[in-house]
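Student: Got a structure for you, written out below as structure tokens; questions coming shortly.
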Amino acid sequence: MTELTLVQAVNRALRHALQNDPNVILLGEDIGVNGGVFRATEGLQKDFGAERVIDTPLSETGIVGAAIGMALYGLRPIPEIQFQDFIFPAFDQIVSELAKFRYRSGGQYPCPLVLRAPYGGGIKGGLYHSQSNEAYFAHTPGLKVVIPSSPADAKGLLLSSIADEDPVLFFEPKRIYRSVTGEVPDGDHRVPLGTAATVREGTDVSVFCYGAMVPLCTAAAERLANDGTSVEVVDLRTLVPLDEPALLASVEKTGRAVIVHEAPRFCGYGAELAAILAEKALYSLQAPVCRVTGYDTPFPYALENLYLPGVERIAEAIRSTARAG
Amino acid sequence: MPGLVLADRAPAETTSAPIPEPAPAELVRAYRTMVFARAMDERCLTLQRQGRIGFYVPLQGQEAAQVGSASALRPEDWIFPAYRELAVALVRGIPIQLLIDQFFGSGGDELKGRQMPNHYGYRRFNFVTASSPVGTQISQAVGTALAARYRREPILTIAYFGDGTTSSNDFHAGLNLAGVFQTPTIFFCQNNQWAISLPRERQTHSTTLAVKAEAYGLPGVVVDGTDFRAVYAAVAAARQRALGGGGPTLIEAQVYRLGPHSTSDDPKRYRTDEELNAWKARDPLARFKLELMDAKLLNEDQDHALWEAARQEIARAVAQTEATPPVPPLSFFDDVYAVVPPALQEERRSLEQLLAAGTVRP
Ligand SMILES: Cc1ncc(C[n+]2csc(CCOP(=O)(O)OP(=O)(O)O)c2C)c(N)n1
Ligand SMILES: [Mg+2]
């Protein structure tokens with residue numbers, strides 16, 4: 001075990017993969033000499049060489065297209081998109097190609113790669129350095145979508161993603177890259193994809209969240225514990241595949257659900273969770289499902305504190321959900 | 001490094017009239033704008049270090065390229081900037097109060113605090129609001145040029161972007177469209193030798209960036225971007241050509257980014273002091289100052305006065321911005337659509353209630 005920040009845990013996982021699998025190749029903007037703008041790839045080019053940790057020209061479609069080509073040939077590329085906000089020049093490669101290669105070739109051409117991208121707000125990044133774009137990709141069959149919230153999960157989920165036979169989009173909550181630290185198992189630590197984690201047990205209300213929202217939800221739960229409300233916090237960790245049994249089991253226990261994400265509400269990932277609860281857990285519910293999300297506007301710069309769900313807004317939603325019905 | 005216009009293909013093919021030299025008063029005004037931009041840059045870097053603004057993208061080293069290019073335009077020409085074009089904005093006459101308000105995201109910010117510092121734009125100055133994703137403005141500039149031609153309005157559009165951006169989707173898309181439609185567009189690439197940590201020679205194996213124009217059937221021009229006059233002449237010629245029906249031009253202004261990519265960047269990680277110092281010796285401000293002094297258009301006292309005036313005006317603007325109330329908290333719901341839709345009105349009401357109850361604070 002080693003005490004690490006989340007971004008250090010990402011770095012350790014990448015280092016482990018590079019060390020143990022010669023097929024692993026990293027490519028992206030400013031990831032080599034500079035070690036990544038968030039230092040996620042710090043030291044890796046120095047230790048593994050410029051053939052395996054590649055500084056690319058400024059072209060996301062080029063990065064993802066080339067990574068796809070590598071994967072088709074049998075390598076395990078790990079492309080980095082510098083900010084998730086800049087993924088859109090590569091949208092076509094991700095949605096039309098990466099997600100569909102296996103399918104359209106009748107299984108002949110699997111395309112296992114892990115696309116890493118920091119996402120999310122709370123860093124004063126404005127419109128284009130703050131977005132939480134997971135829903136576009138969760139909506140695309142053929143892709144897996146993973147979002148860690150702790151250093152140990154960041155390492156464990158990343159190593160599982162690299163070992164996975166399908167393409168994985170691995171979105172890293174940059175806001176808590178350095179603010180969250182924790183013990184991380186050394187060596188080949190794996191957290192299986194598709195398993196949620198109950199980060200706090202409770203009996204009155206279930207809160208479903210992921211990424212940078214997890215510490216805020218936990219803080220809100222602690223606040224409510226003082227008022228005598230017992231809140232269960234479930235970190236989904238993998239949006240696709242979703243750990244549906246964990247979702248349903250928690251709501252069957254508590255009868256109340258609050259869903260938290262920083263992306264806009266309309267057609268956000270929370271809408272899918274709410275729909276599943278309506279379809280499969282309606283008779284367990286004692287209150288309407290409640291969503292706490294970013295608002296349905298682009299991401300504002302000066303007023304990001306109001307835009308983003310904070311502990312107060314989350315606690316308030318839990319409180320009224322606990323009382324409802 | 002060439003010190004003069006080195007046309008890969010003569011931009012003068014369809015140019016009729018020779019380009020007149022800027023008048024002495026224009027030269028002095030251009031220098032004053034360069035001083036202003038540098039002074040503002042220095043001030044903003046300090047403001048960022050002090051935590052008074054959140055972020056900043058400096059332009060130092062690129063003043064002559066920016067002032068030279070923008071001075072060759074007419075106010076009706078549309079500018080599509082990237083995020084580093086402070087001196088272009090100043091030439092356009094955008095008041096510094098507006099810019100400082102934007103940097104602070106204060107209540108005076110006409111963009112209503114929506115964007116990070118440096119990402120501004122003002123319709124009345126024909127200066128289109130910048131975005132962060134690189135390159136997107138290039139194809140947009142072609143569309144605006146097509147629209148203006150359709151309306152028989154004799155303007156051109158100019159897209160500013162960096163060396164790294166020549167690898168973007170829209171560089172290709174934009175130059176290709178412009179070539180096919182022969183639009184009155186100038187593609188003004190400031191090759192500052194770096195795209196964050198990637199050096200120019202790792203960005204493309206092309207000999208120059210300008211040579212890329214060849215493949216799209218447009219002229220490509222390399223110009224010494226530390227030389228105000230050379231840049232001015234290149235852009236003025238391209239403008240004349242474009243408005244005479246001669247089509248678009250790609251201009252590569254060779255400059256150097258003397259500062260960090262942004263306040264989040266540490267260039268020591270990827271480039272050497274030797275390289276930096278070699279380019280510092282070619283500082284566009286120092287060069288222009290000497291030229292003006294040689295021509296007896298400027299002396300040390302006048303130079304000193306320009307710097308003083310700039311610093312004072314900037315200090316006044318900063319003070320005024322800091323005395324301005326913040327952006328109204330519920331304003332971020334506006335402008336998503338022409339009319340706030342009912343569902344969004346409801347979201348706004350819910351936040352209003354949270355604010356009124358003191359549950360959340362701006
Ligand atoms: C599509 C996209 N990808 C990545 C980024 C992150 N980024 C911001 S600036 C930059 C380098 C741009 O270099 P260049 O075009 O040379 O312009 P300069 O910053 O040097 O003026 C990068 C990679 C971005 N803004 N947009
Ligand atoms: Mg550059």
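The values are calculated or read from the model by the stated rules, or taken from the named source; none is laboratory data. Only a predicted model underlies this, so the values are computations on that prediction, with no experimental measurement involved. Cβ sites come from the backbone with ideal geometry, for glycine too, and all protein chains shown count toward neighbours.
Student: Determine if region B:194-201 includes at least one residue that is within 19 Å of the chain's Cα centre (by Cα) and under 15 Å from B:Gln137 (Cα atoms).
Tutor: no
Student: Pick from A:Leu273, A:Leu306: which is more than 9 Å from chain B (Cβ to nearest Cβ) and out of contact with any Lys or Arg (no Cβ under 8 Å at 6 or more places or on another chain)?
Tutor: A:Leu273
Student: Would you say B:Gln115 is in contact with a Gly (Cβ under 6 Å, 6 or more places away or on another chain), crowded, with 24+ Cβ neighbours inside 10 Å and assigned by TED's automatic domain parsing to the domain that holds B:Pro58?
Tutor: So B:Gln115 passes the test.
Student: Let me ask something else. Kindly evaluate A:Val258 against the criterion of being more than 14 Å from chain B (Cβ to nearest Cβ) and not in a helix (DSSP H, G or I).
Tutor: Yes; evaluated as a whole, the condition is true for this residue.
Student: Continuing with this model, one more query. Kindly indicate whether any position in region B:201-222 is within 12 Å of ligand 1 (Cβ to nearest atom) and buried (at least 22 other Cβ atoms within 10 Å of the Cβ).
Tutor: The answer is yes, given that some residue of region B:201-222 is within 12 Å of ligand 1 (Cβ to nearest atom) and buried (at least 22 other Cβ atoms within 10 Å of the Cβ).
Student: Is region B:259-266 home to any residue that is within 16 Å of ligand 2 (Cβ to nearest atom), away from chain A (no Cβ under 14 Å) and within 20 Å of B:Ala87 (Cα to Cα)?
Tutor: yes
Student: I'd like the full set of residues that are farther than 14 Å from A:Pro264 by Cβ, part of a helix (DSSP H, G or I) and not polar (S, T, N, Q), limited to region B:349-362.
Tutor: B:Arg349, B:Glu352, B:Leu354, B:Leu355, B:Ala356
Student: Mind counting the residues in region B:194-235 that are within 16 Å of ligand 2 (Cβ to nearest atom) and within 14 Å of chain A (Cβ to nearest Cβ)?
Tutor: Counting residues in region B:194-235 that are within 16 Å of ligand 2 (Cβ to nearest atom) and within 14 Å of chain A (Cβ to nearest Cβ) gives 14.
Student: Mind listing whichever residues of region B:134-172 are assigned to a loop (DSSP other than H, G, I, E, B) and either more than 14 Å from chain A (Cβ to nearest Cβ) or within 15 Å of the chain's Cα centre (by Cα) (or both)?
Tutor: Result: B:Val134, B:Gly135, B:Arg151, B:Arg152, B:Glu153, B:Pro154, B:Ile155, B:Leu156, B:Asp163.
Student: On the basis of being charged (D, E, K, R), within 16 Å of ligand 1 (Cβ to nearest atom), surrounded by fewer than 22 Cβ atoms within 10 Å (Cβ to Cβ) and at the interface with another protein chain (Cβ under 10 Å from one of its Cβ atoms), does A:Asp85 make the cut?
Tutor: The answer is no for A:Asp85.
Student: So, one more: Tell me, please, whether a residue that is more than 8 Å from ligand 1 (Cβ to nearest atom), surrounded by fewer than 23 Cβ atoms within 10 Å (Cβ to Cβ) and closer than 28 Å to B:Arg271 by Cβ can be found in region B:175-191.
Tutor: No, the conditions are met nowhere in region B:175-191.
Student: Same structure again: Checking B:Phe332 against (1) in the same structural domain as B:Ile94 (by TED's automatic domain parsing); (2) touching a residue at least 60 places away in the same chain (Cβ under 8 Å), only one condition comes out false. Which one?
Tutor: Of (1) in the same structural domain as B:Ile94 (by TED's automatic domain parsing); (2) touching a residue at least 60 places away in the same chain (Cβ under 8 Å), only one is false for B:Phe332: (1).
Student: Quick one: in region B:326-362, which of the residues that are among the small types (Gly, Ala, Ser) and farther than 21 Å from B:Leu111 by Cα is nearest to the other protein chains (Cβ to nearest Cβ)?
Tutor: Looking at residues that are among the small types (Gly, Ala, Ser) and farther than 21 Å from B:Leu111 by Cα, I get B:Ala343.
Student: Let me ask something else. Return the only residue of A:Gly142, A:Gly107 being away from ligand 1 (no atom under 16 Å from the Cβ), without any contact (Cβ under 8 Å) to a residue 12 or more places away in the chain and outside the structural domain of A:Pro264 (by TED's automatic domain parsing).
Tutor: None of the other options fit; the residue is A:Gly107.
Student: Of the residues that make up region B:309-320, is at least one assigned to a helix (DSSP H, G or I), under 25 Å from the mean Cα position of the chain (by Cα), of a type in the set (D, E, K, R) and loosely packed, with under 12 Cβ neighbours inside 10 Å?
Tutor: no
Student: Also, quick follow-up: Taking B:Ala130 as the residue in question, decide whether it is in a loop (DSSP other than H, G, I, E, B) and either within 14 Å of ligand 1 (Cβ to nearest atom) or in contact with a Ser or Thr (Cβ under 6 Å, 6 or more places away or on another chain) (or both).
Tutor: For B:Ala130, the condition - in a loop (DSSP other than H, G, I, E, B) and either within 14 Å of ligand 1 (Cβ to nearest atom) or in contact with a Ser or Thr (Cβ under 6 Å, 6 or more places away or on another chain) (or both) - is met.
Student: Return the residue satisfying two criteria in turn: it lies in region A:123-172 and is of a type in the set (Asp, Glu) and either under 22 Å from A:Pro309 (Cα atoms) or in a strand (DSSP E or B) (or both), and of such residues it is farthest from the other protein chains (Cβ to nearest Cβ).
Tutor: Out of the qualifying residues, it is A:Glu134.
Student: Please indicate, with yes or no, whether at least one residue in region B:150-161 is within 12 Å of ligand 2 (Cβ to nearest atom) and either under 27 Å from B:Gly245 (Cβ atoms) or out of contact with any Asp or Glu (no Cβ under 7 Å at 6 or more places or on another chain) (or both).
Tutor: For region B:150-161, residues within 12 Å of ligand 2 (Cβ to nearest atom) and either under 27 Å from B:Gly245 (Cβ atoms) or out of contact with any Asp or Glu (no Cβ under 7 Å at 6 or more places or on another chain) (or both): present.
Student: Now for a separate question. Right, A:Ala50: in a helix (DSSP H, G or I) and outside the structural domain of A:Phe299 (by TED's automatic domain parsing) or not?
Tutor: No: the conditions fail for A:Ala50.
Student: Something else: A:Ile63 - would you say it is buried (at least 23 other Cβ atoms within 10 Å of the Cβ), outside the structural domain of A:Ala263 (by TED's automatic domain parsing), over 18 Å from the mean Cα position of the chain (by Cα) and closer than 30 Å to B:Met116 by Cα?
Tutor: yes
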